[in-house]
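Since the structure comes first, as structure tokens, the remarks are kept for the end.
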Amino acid sequence: MSQALGEIEARIAAACARAGREPNEVTLIAVSKLQPVAAIEEVYAAGQRHFGENYAQELRDKAVALAARSDLKWHAIGRLQRNKVKYVAKVAHAFHALDSLEIAMELSSRLQRPLACFVEVNLGAEGSKGGVSSTELAAFIQSVRALPNLDLVGLMALPPMTQDPEGSRPHFQTLRKLALGLGLRGLSMGTTADFEVAIEEGATHVRVGTAIFGGRPSLQNGDWVERVKRNRSGSVS
Ligand SMILES: *Cc1c(COP(=O)(O)O)cnc(C)c1O
């Protein structure tokens, strides 16, 4: 895993060089969802500090398990249900999937400090996915900006799946234009499949899981906590 991390860092640096950007303009978020705590420890030991989690309870549990590593920064990257907002409010360094005013209000009321937030945009207009549609984005942003404690830093997207990373490029370009028009600097875009293209198109945060940690178990019933309880070593199998 530490070798994989080094390779990803090198590919990020190369993509930055192609785009005339500095590598320190891009934050690598190691997406550790469904990976065991031991795997996070290994990647942390190799120098990685930003980690991404999708599920609020999993984030809560891992934050407790890794609390001693006080410079580890958690990025909550998945959609939230209202009753789980509290976990994110407590431990997250940033939230990347803001797409509902109800959640935004709940988050703002629970926070005791400003939280960096990215609004998720549903670029492909895919019904099954989260995110605010492009047409509703400006109004949504205006409402979010009125809330205390939410530090709106940018936009996030997960474009429709493609085999070819080039397939994501037009979506990344669209996200960048939307952010520019709204005066937002942050762009959370790019995964294992397409992070280099995302960097060429201006990503400030890339969210890479599989290329660092290897494959992850598929989630059944959405219940990570139950899986961990069954497996006392704390790993998810
Ligand atoms: C899982 C996930 C990622 C990472 O995907 P990989 O293909 O493993 O790199 C990035 N962003 C979001 C929102 C995710 O859910």
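What follows is calculated from the coordinates using simple rules that are stated; it is not laboratory data. Since we're looking at a predicted model, the values are computed, not measured. With ideal geometry, Cβ positions are generated from the backbone for all residues, glycine too; neighbour counts draw on all protein chains shown.
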Links exceeding 27 Å between C-alpha atoms in this model, out of 84/177; 86/177; 33/90, come to 84/177; 86/177
Counting other beta carbons within 10 Å of each residue's own, what order do 208, 37 fall into, fewest first? 37, 208
Taking every eigenvalue of the Cα gyration tensor of the range 9-61, multiplying by 5 and rooting it, what semi-axes result, largest first, whole Å? 27, 12, 8
Quick one: net charge around residue 30, please, counting Lys, Arg +1 and Asp, Glu -1 for every other residue with C-beta under 15 Å from its C-beta. +1
Centre separation in Å (Cα based) which lies between the range 139-184 and the range 53-115: 19 Å
Footprinting exposure proxy for 161, 189 (fewest neighbouring C-beta atoms within 10 Å first): 161, 189
Positive end of the charge dipole of the range 96-214 (Lys, Arg +1 and Asp, Glu -1 on Cβ, about the Cα centre): tell me which of 138, 152, 186 has its Cα farthest that way. 152
The range 67-126: D in µm²/s via Stokes-Einstein (Kirkwood Rh, Cα pairs, 37 °C, 0.692 mPa s)? 270 µm²/s
The extension gain from residue 102 to residue 3, computed as 0.36 nm times the residue separation minus the Cα-Cα distance, is 31.5 nm
Within 12 Å, Cβ to Cβ, of residue 4, how many net charges do the neighbouring residues add up to if Lys/Arg are +1 and Asp/Glu are -1? -2
What area, in nm² and to one decimal, does the C-alpha convex hull of the chain cast on average over all directions? 12.4 nm²
Env charge @ residue 86, Cβ radius under 12 Å, K,R +1 / D,E -1, value +4
Can you give the Kirkwood hydrodynamic radius for the range 22-136, in Å, rounded to one decimal and based on Cα pairs? 14.9 Å
For 195, 140, what's the fewest-to-most ordering of other Cβ within 10 Å of each Cβ? 140, 195
Compute the FRET efficiency between residue 14 and residue 210 as 1/(1 + (r/R0)^6), taking r as their Cβ-Cβ distance and R0 = 25 Å, and round to the nearest 0.05. 0.85
